[in-house]
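Data block below; observations after.
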Amino acid sequence: MDRVGKFELRELLGEGATSAVYLAFDAFAQRDVAIKRIYPEVLKDPDRGRLYRHLLINEASLAGRLAHPHIAQIYDAMVTEDDGYVVMEYVPGGTLEAFCRPDRLLPFDRLIEIVFKATRALDYAYHQGITHRDIKPANILLVSPDGQDIKLSDFGAALFSAADTTQISGVGSPAYMSPQQVREMPLTHQTDIYSLGVVMYQLLTGRLPFEASNNFSLLYRIANETPLPPAALRPEIPAELDAIVQRAMQKELSERYETWVEFSHDLAHAFRNIGLASRKSAVSDTQKFQTLRGQPFFREFSDVELWEVVRFSEWRFAEPGTVILKEGEPGDHFCFLARGEARVTKQGRLLSILTPGDCFGEMAVFSAGSGVRTASVAARSEVEIITVRGRALQRASDACRMHFYKGFLEVLASRLSMTSARVANT
């Protein structure tokens with residue numbers, strides 16, 4: 001069986017002009033991995049060898065540095081004068097390239113989910129001082145072919161803003177380059193914003209905003225021409241999505257999205273406004289993330305921790321009058337109210353009204369006693385409820401649990417303060 005270092009090669013996954021990607025097995029860690037190996041003749045080339053060694057070293061330096069659920073992990077690397085490879089997380093669902101054709105365009109809701117997750121991952125990388133510089137469909141991997149979970153890959157061209165390094169020109173894929181990249185200007189995260197706008201344009205229309213017979217003509221068009229709006233090529237594209245792509249692809253930095261937060265906020269807003277029929281039966285990850293981010297309880301959670309909560313929480317809707325928690329019953333979960341109002345009663349007496357952002361039910365989960373509900377909670381209007389099981393929280397990361405416990409202390413302190421104020425006024 002062929003090997004690369006300690007890894008057993010299982011299957012050729014793909015080939016390009018400079019490298020091949022293999023499915024391999026790490027016997028020590030007992031997991032599948034993907035290995036990107038640069039062709040020896042490329043590394044030995046007097047003109048290209050130095051560049052590709054630099055790109056490999058660049059990507060290898062990220063091992064363990066970008067810990068995000070939507071960024072493919074780098075595990076290992078090796079670079080010499082005539083050989084080089086990077087070992088990374090194996091993501092089996094293929095790339096977004098498959099959905100850039102007119103006959104395979106994604107539903108709008110799935111497209112928004114994918115792009116939203118990319119904006120959050122790139123915002124995380126930006127806060128680590130990293131600009132990707134080669135955002136394109138081939139570098140956005142799907143966890144499953146029919147799903148919407150993604151992993152960004154190939155940070156070899158990344159620019160480390162915190163490091164004292166020289167920006168290398170000629171890096172990136174021409175069709176997705178920003179005007180600033182074409183002109184070899186100093187780059188910031190806004191070049192990635194432009195490139196992701198191009199990816200979104202292609203996912204919406206099945207074609208690139210600029211096409212040409214050669215790279216010189218293509219780069220000229222990117223730097224000097226304005227593309228047709230996506231809706232001009234596909235009229236059924238919602239106005240909100242058309243506007244988002246156009247703003248992301250503005251040539252002038254002052255007119256483009258200034259931050260990833262602005263980009264992702266508009267995506268979440270567009271998702272809400274599209275009015276999808278399935279909205280109540282399946283809350284999207286985009287909606288979940290934005291809902292959690294807007295709640296005071298989760299204000300100190302990092303993006304990575306919020307995605308963790310999205311994964312292990314349960315979301316449902318309930319009609320007015322539905323009993324959510326019942327006094328006297330055992331409790332193994334606690335809840336947050338995402339939307340609507342609910343009544344808290346004890347022995348039929350009204351104690352309080354819950355509004356969006358309020359937490360309830362946690363005392364039974366963490367009680368040292370019998371762990372039964374001391375009050376009932378019923379929907380006063382149509383409500384959206386976020387449920388977290390005690391056992392799910394126990395399996396969460398240490399940082400995530402710490403933020404939950406800190407949040408519970410703040411909730412308890414607030415309740416005690418309100419109780420003291422009521423007692424003082426009686």
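The values are calculated or read from the model by the stated rules, or taken from the named source; none is laboratory data. None of these values were measured; they are calculated from a predicted model. Note that we place each Cβ from the backbone using ideal geometry, even for glycine, and neighbour counts take in every protein chain shown.
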(request) Determine if segment 243-251 includes at least one residue that is surrounded by fewer than 18 Cβ atoms within 10 Å (Cβ to Cβ) and more than 26 Å from the chain's Cα centre (by Cα). (result) no
(request) Tell me, yes or no, whether segment 147-170 has at least one residue that is modelled with pLDDT under 95, of a type in the set (V, I, T) and closer than 22 Å to C100 by Cβ. (result) no
(message) Looking at the structure I just gave you, is R65 basic (K, R) and assigned to a loop (DSSP other than H, G, I, E, B)?
(response) yes
(request) Under 6 Å between Cβ atoms, at least 6 apart or on separate chains: pull out the pairs that start in segment 20-40 with a residue that is farther than 14 Å from K6 by Cβ and end on any residue that is surrounded by fewer than 18 Cβ atoms within 10 Å (Cβ to Cβ) and of a type in the set (K, R). (result) L23/R10
(request) Working only within segment 183-226, note down all residues that are under 21 Å from H132 (Cβ atoms) and in a loop (DSSP other than H, G, I, E, B). (result) R183, E184, M185, P186, L187, T188, H189, L208, P209, F210
(request) Could you please tell me which pairs satisfy a Cβ distance under 6 Å, a separation of 6+ or placement on different chains, a first residue in segment 56-70 that is closer than 24 Å to R311 by Cβ, and a second residue that is surrounded by 15 or more Cβ atoms within 10 Å (Cβ to Cβ) and among the hydroxyl-bearing types (S, T, Y)? (result) H68/Y124
(message) Go through (1) without any contact (Cβ under 8 Å) to a residue 40 or more places away in the chain; (2) in contact with a strand residue (DSSP E or B) (Cβ under 9 Å, 6 or more places away or on another chain); (3) more than 17 Å from F297 (Cα to Cα); (4) exposed (fewer than 14 other Cβ atoms within 10 Å of the Cβ) for E329 and report which single condition fails.
(response) (1)
(request) Answer yes or no: is there a residue in segment 302-309 that is among the charged types (D, E, K, R) and either in a strand (DSSP E or B) or without any contact (Cβ under 8 Å) to a residue 60 or more places away in the chain (or both). (result) no
(message) Would you confirm, using the coordinates I've provided, whether R133 is among the basic types (K, R) and either in the same structural domain as F25 (by TED's automatic domain parsing) or over 30 Å from R183 (Cα atoms) (or both)?
(response) no
(message) I need a count of the residues in segment 135-144 that are part of a loop (DSSP other than H, G, I, E, B) and in contact with a helix residue (DSSP H, G or I) (Cβ under 8 Å, 6 or more places away or on another chain).
(response) 2
(request) Inspect all residues belonging to segment 261-278 and state whether any of them is out of contact with any Lys or Arg (no Cβ under 8 Å at 6 or more places or on another chain) and closer than 21 Å to A67 by Cα. (result) yes
(message) Looking only at segment 367-391, filter to residues that are modelled with pLDDT under 90 and among the hydrophobic types (A, V, I, L, M, F, W, C); which one of those is surrounded by the fewest Cβ atoms within 10 Å (Cβ to Cβ)?
(response) A368
(request) Find all pairs meeting these conditions: Cβ atoms under 6 angstrom apart; at least six residues apart or on different chains; first residue within segment 392-417 and free of Cβ contacts under 8 Å to residues at least 60 places away in the same chain; second residue assigned to a helix (DSSP H, G or I). (result) F408/E362
(request) Confirm whether V309 is at pLDDT below 90, crowded, with 16+ Cβ neighbours inside 10 Å and within 30 Å of A399 (Cβ to Cβ). (result) no
(request) Working only within segment 54-95, note down all residues that are more than 29 Å from the chain's Cα centre (by Cα) and under 25 Å from R10 (Cα atoms). (result) V79, T80, D82, D83, G84
(request) Give the number of residues within segment 107-127 that are buried (at least 18 other Cβ atoms within 10 Å of the Cβ) and part of a loop (DSSP other than H, G, I, E, B). (result) 0
(request) Might you let me know whether segment 218-235 holds any residue that is surrounded by 16 or more Cβ atoms within 10 Å (Cβ to Cβ) and among the aromatic types (F, W, Y)? (result) no
(message) Looking only at segment 334-348, filter to residues that are under 35 Å from the mean Cα position of the chain (by Cα) and farther than 11 Å from A379 by Cβ; which one of those is surrounded by the most Cβ atoms within 10 Å (Cβ to Cβ)?
(response) F336
(message) Checking the condition at pLDDT 95 or above, of a type in the set (F, W, Y) and in the same structural domain as Y201 (by TED's automatic domain parsing), which residue from F108, F116 passes?
(response) F116
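Matching residues to (1) in the same structural domain as W307 (by TED's automatic domain parsing); (2) more than 24 Å from I150 (Cβ to Cβ); (3) aromatic (F, W, Y):
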site: R50; (1), (2), (3): no, yes, no
site: A72; (1), (2), (3): no, no, no
site: Y75; (1), (2), (3): no, no, yes
site: G84; (1), (2), (3): no, yes, no
